[in-house]
Amino acid sequence: MQREPLSRHTPCAQDSGEAGGGRKSVRSPLQALYTTDATELSPLQLMHQRRRDLLEDVCHSYTHKRRVLIPEDLKHLIVDDRHGLLYCYVPKVACTNWKRVLMVLTGDTQRDPLKIPAKMAHVPGTLRTLSEYSTSEINQRLRTYLKFVFVREPFERLVSAYRNKFTLRYNKAFHKRYGTKIIQRHRAEASPQALERGDDVSFSEFVRYLVDPGEEPFNEHWERVHSLCHPCLIHYNILGKYETLQQDSSYVLKLAGVDKVTFPSSSKSARTTADVVASYFKNISTAYKKKLYNLYKLDFLLFNYSMPVYLKFT
């Protein structure tokens, strides 16, 4: 049976009444965001308005062909019908903690998010995604729910993914799935052990793989945010940033009327900082730096991140 097309979303702050899943609310999170008088906006509200405006301007400048959303585009959008929320999760941008929070919000008992094991937060089927709904249900949620996404400086996210997936011994599945292939393709005279185990991929080999992955689609941990969350097709109401994670997360929960659950504080000890990222790029050639930047350029532009000084194209 042919499905009706999904609509391209535009904000609708006045659409009230009963939301999906039987949720009833006097004022939805989306209405809470847009009902403030423009002359009374707080610095936080103004900051988020500027982020939305810049995103829209970049979308108009760089995306000339408009297309209709398909269910495949919505697999990263997690649905909270109780609170009227749609969250597009981006790996390596606090998505584990946001999934934990949403498990608490959509569950039947109040729990501390940090008491939920990290692995449990990523079990398929634990949280519903928008792609699982019918076309009419999808369009209704896109129109009336508060949509939010959290982003991060693209190369900090990329190096964080590399450190997590290729330098930690316990990630054997990634070593087998990707490491062996990367070494086979990009390491001359690789040892039989390296080809078998794939557990010693260098960052330069990883970069060469990203620039030339062959026919293989990107894994979600290093896929570009614009390809995961489609911000030029879905009108996100809140663009949270890793750099202002606690502030932006609290803002989302406040808009949702949540006061019994707080977003977990993250550990700074192993964080991938700009200085750490710069150290990884020291041995990357200028040619590959250019290619890698062009690969992630749209994410830099959409979310207002400057070109890193360590690229040194000149």
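Filtering the range 133-180 to residues that are among the aromatic types (F, W, Y), under 16 Å from R271 (Cβ atoms) and not in a helix (DSSP H, G or I) leaves only F150.
Among the residues that make up the range 120-133, is at least one of them over 21 Å from the mean Cα position of the chain (by Cα), over 20 Å from V252 (Cβ atoms) and open to solvent by 30 Å² or more (accessible area, probe 1.4 Å)?
Step one: of the range 120-133, the residues over 21 Å from the mean Cα position of the chain (by Cα) are none.
Checked the range 120-133: no residue is over 21 Å from the mean Cα position of the chain (by Cα), over 20 Å from V252 (Cβ atoms) and open to solvent by 30 Å² or more (accessible area, probe 1.4 Å).
For the range 238-254, what are the residues that are under 27 Å from L295 (Cα atoms) and in contact with a His (Cβ under 8 Å, 6 or more places away or on another chain)? Quick ask: steps written out before the conclusion?
Start the filter on the range 238-254 by keeping residues that are under 27 Å from L295 (Cα atoms), which leaves 238-245.
Once the filter is applied, which keeps residues that are under 27 Å from L295 (Cα atoms) and in contact with a His (Cβ under 8 Å, 6 or more places away or on another chain), the range 238-254 yields I238, L239.
Restricting the search to the range 187-245, which residues are of a type in the set (K, R), in a loop (DSSP other than H, G, I, E, B) and open to solvent by less than 50 Å² (accessible area, probe 1.4 Å)? Of everything in the range 187-245, just one residue is of a type in the set (K, R), in a loop (DSSP other than H, G, I, E, B) and open to solvent by less than 50 Å² (accessible area, probe 1.4 Å), namely R224. What number of residues within the range 47-105 satisfy the criterion of being in contact with a Lys or Arg (Cβ under 6 Å, 6 or more places away or on another chain) and not charged (D, E, K, R)? The qualifying residues number 4.
Given the condition over 18 Å from N237 (Cβ atoms), in a helix (DSSP H, G or I) and modelled with pLDDT of 95 or more, answer yes or no: does some residue in the range 63-80 qualify? Steps first, answer last, please.
In the first step, residues of the range 63-80 are kept if they are over 18 Å from N237 (Cβ atoms); the result is 63-68, 70-72, 75.
With in a helix (DSSP H, G or I) added as a condition, the list becomes 71-72.
Still in the list and also modelled with pLDDT of 95 or more: none.
Scanning the range 63-80 turns up no residue that is over 18 Å from N237 (Cβ atoms), in a helix (DSSP H, G or I) and modelled with pLDDT of 95 or more.
For the range 100-119, the set of residues classified as open to solvent by 20 Å² or more (accessible area, probe 1.4 Å) and either aromatic (F, W, Y) or not in a loop (DSSP other than H, G, I, E, B) (or both) consists of R100, M103, T106, L114, K115, A118, K119, listed by residue number. If you go through the range 142-170 and keep only what is open to solvent by less than 20 Å² (accessible area, probe 1.4 Å) and over 18 Å from Y89 (Cβ atoms), you end up with T144, F155, V159, Y162, F166.
Could you say whether any residue in the range 79-92 is free of Cβ contacts under 8 Å to residues at least 12 places away in the same chain and open to solvent by less than 70 Å² (accessible area, probe 1.4 Å)? Quick ask: steps written out before the conclusion?
Residues of the range 79-92 that are free of Cβ contacts under 8 Å to residues at least 12 places away in the same chain, as a first pass: none.
No; the residues of the range 79-92 include none that is free of Cβ contacts under 8 Å to residues at least 12 places away in the same chain and open to solvent by less than 70 Å² (accessible area, probe 1.4 Å).
Among the residues of the range 263-296, write down those that are of a type in the set (S, T, Y), free of Cβ contacts under 8 Å to residues at least 60 places away in the same chain and either in a helix (DSSP H, G or I) or open to solvent by 70 Å² or more (accessible area, probe 1.4 Å) (or both).
If we filter the range 263-296 for residues that are of a type in the set (S, T, Y), which is where we start, we get 265-267, 269, 272-273, 279-280, 285-286, 288, 293, 296.
Applying the additional criterion that residues be free of Cβ contacts under 8 Å to residues at least 60 places away in the same chain yields 265, 267, 269, 279, 285-286, 293.
Selection gives S265, S267, S269, S279, T286, Y293.
State whether one or more residues within the range 101-113 are in contact (Cβ under 8 Å) with a residue 40 or more places away in the chain and basic (K, R). Scanning the range 101-113, I find no residue that is in contact (Cβ under 8 Å) with a residue 40 or more places away in the chain and basic (K, R), so the answer is no.
Mind listing whichever residues of the range 174-207 are hydroxyl-bearing (S, T, Y) and touching an Asp or Glu at 6+ places or on another chain (Cβ under 8 Å)? Scanning the range 174-207 gives a single hit, T180.
The values are calculated or read from the model by the stated rules, or taken from the named source; none is laboratory data. All of these numbers come straight from a predicted model, not from anything done at the bench. Methodologically, a virtual Cβ is constructed for each residue, glycine included, from the backbone with ideal geometry; neighbour enumeration extends over all protein chains shown. Just the protein is used for accessible areas: all its heavy atoms, side chains included, with ligands, DNA and RNA removed. Shrake-Rupley method; radii C 1.70, N 1.55, O 1.52, S 1.80 Å.
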